[in-house]
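Each value in this text was obtained by applying a stated rule to the coordinates, not by laboratory testing. None of the values given here were measured: they were computed from a predicted structure. Cβ: placed from backbone, ideal geometry, glycine included. Neighbour counts: every protein chain shown.
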Amino acid sequence: MTMICSICGSSDLSIFCTAEDRLQIRPGVVYEVWCCSACGYGWTEPSPADEELAEFYPPTYLGDFEKVIEEYLSGRLAGTSSWKMETEKAELVEKYVQSGRLLDIGCGEGKFLWSLDPKRWQRVGIDLNQPLIEAARNKIPDLDLHVGTIDDEVLEEEGYDVITFWHALEHIPDPLRALARTARLLRPGGLAFISLPKVESLQAQWFRRHWYAFGDVPRHLHHFSSTSLKLLLSQVGLAFIEEVFFSKAVNFHCWKHSMRSWSRERFRSQLPYILFKPALHLLPLLEALTGRQGVSTLIARKGESRGTLETFSPDSV
Ligand SMILES: [Zn+2]
């Protein structure tokens, strides 16, 4: 049977590289990253079945969440680079919308939601990780947090001004279905922010299996290009507005860890990494000039008039 791209239907597919899970949940398993030459969409093979996914997310996956909550409550989180990554997300959202009801998909312990001003934002988050959600609910009760997925019935249709996916969409088994649900959950004129690593980036092309984002296989089930994500957005009736490259910190982190991995495996030494490290500060400039950034955020809007999506159903695409 001929394989075809699940986004654009092309059969021009090939293996981009192999990759290994940095957490080695299943030691020794080597994954393949397949890519479509027509739209740039990539995916991981073998891809875990839905019932196996939880196994790949140990409680420590996002670090020591109890410590992070404690640091937030004591005020020690403010001023750290980790907190800056959250406040820059809030600044990006507020360039477009300054208040309303915001839903964060894959919210973890809710760190991004904490960075939003509670006087202006009604802050809702959902995540499959029950321990994180419960810990945050107990300690920070003014957030509206839920255990579940974007399909959960607790989420209100046409109930949100903004929906955010901060490095979440590539983890969701059916991204088309998730974006169709996003379109239904947004109020008319509402905005979706989708931030993710891009497979056509200079980082991915240069480092291949050493690229930091590929170390998150098989949790990264999908590896999007701008083109493939825009195709998905158009299929669910969300109008693409803009692609922005705003997180210097996240992008630099990705370059740094990719180069360290390459240096260690290729030369069995940290020395090449140390020698090349100063150049890491110039590479983001090259990315900006070529538009092939490692990490990007795409912003899309739901149509203003009610009923825009009435004719859409996931089965029709
Ligand atoms: Zn394709």
- [ ] Using a cut-off of 11 Å between beta-carbons, work out the net charge of the residues near Gly190 (Lys and Arg +1, Asp and Glu -1, Gly190 not included).
- [x] +2
Open item on the list: Per DSSP helix of 4 or more residues, -39500 (n - 2.57); summed, then divided by the residues of the chain. What does that give at 222 nm, rounded to the nearest 500?
Closed with: -9500 deg cm²/dmol
Task: Cα-projected label distance for Phe267 with Ala279, points at 7 Å along beta-carbon direction, nm - done: 1.0
- [ ] Starting with the fewest neighbours, write out His281, His253, His222 ranked by other beta-carbon atoms found within 10 Å of each beta-carbon.
- [x] His281, His253, His222
Task: Chain lengthening between Val97 and Ile25 when straightened (0.36 nm per residue, less Cα-Cα) - done: 21.9 nm
TODO: For Val244 paired with Glu153, estimate the spin-label separation in nm (one decimal), with each label point 7 Å from Cα along the Cα-to-Cβ line.
DONE: 3.7
TODO: Count the net charge of all other residues whose Cβ sits under 10 Å from the Cβ of Trp262, scoring Lys and Arg as +1 and Asp and Glu as -1.
DONE: +4
- [ ] Restricting to the chain, compute how many DSSP beta bridges are antiparallel as a %, nearest 5.
- [x] 55
Open item on the list: Rounded to two decimals, what is the ratio between the C-alpha radius of gyration of the range 224-271 and 2.2 N^0.38 Å?
Closed with: 1.78
Task: Efficiency of FRET between Gln205 and Ile15 - r from beta-carbon atoms, R0 22 angstrom, step 0.05 - done: 0.95
Task: Candidates Ala90, Ala288, Ala136, ranked by Gaussian network fluctuation over the chain, Cα under 10 Å, top entry - done: Ala288
Task: Ser6-Lys67 pseudo-label distance in nm [points 7 Å out on the Cα-to-Cβ vector] - done: 3.6
Task: 3J(HN,Hα) from dihedral phi, the range 287-303, Karplus parametrisation 6.51/-1.76/1.60, rounded to Hz, x for glycine, proline - done: 4, 5, 5, 8, x, 10, 6, x, 10, 9, 10, 9, 10, 9, 10, 7, x
Open item on the list: Please list log₁₀ I(q)/I(0) at q = 0.06, 0.11, 0.12 Å⁻¹ for the chain, using the Debye equation with identical point scatterers on the alpha-carbon positions.
Closed with: -0.20, -0.71, -0.86
Task: Derived scalar couplings ³J(HN,Hα) [the range 73-90; Karplus, 6.51 cos²θ - 1.76 cosθ + 1.60; whole Hz; x for Gly, Pro] - done: 5, 8, x, 6, 6, 4, x, 7, 5, 4, 5, 4, 4, 6, 5, 6, 5, 4
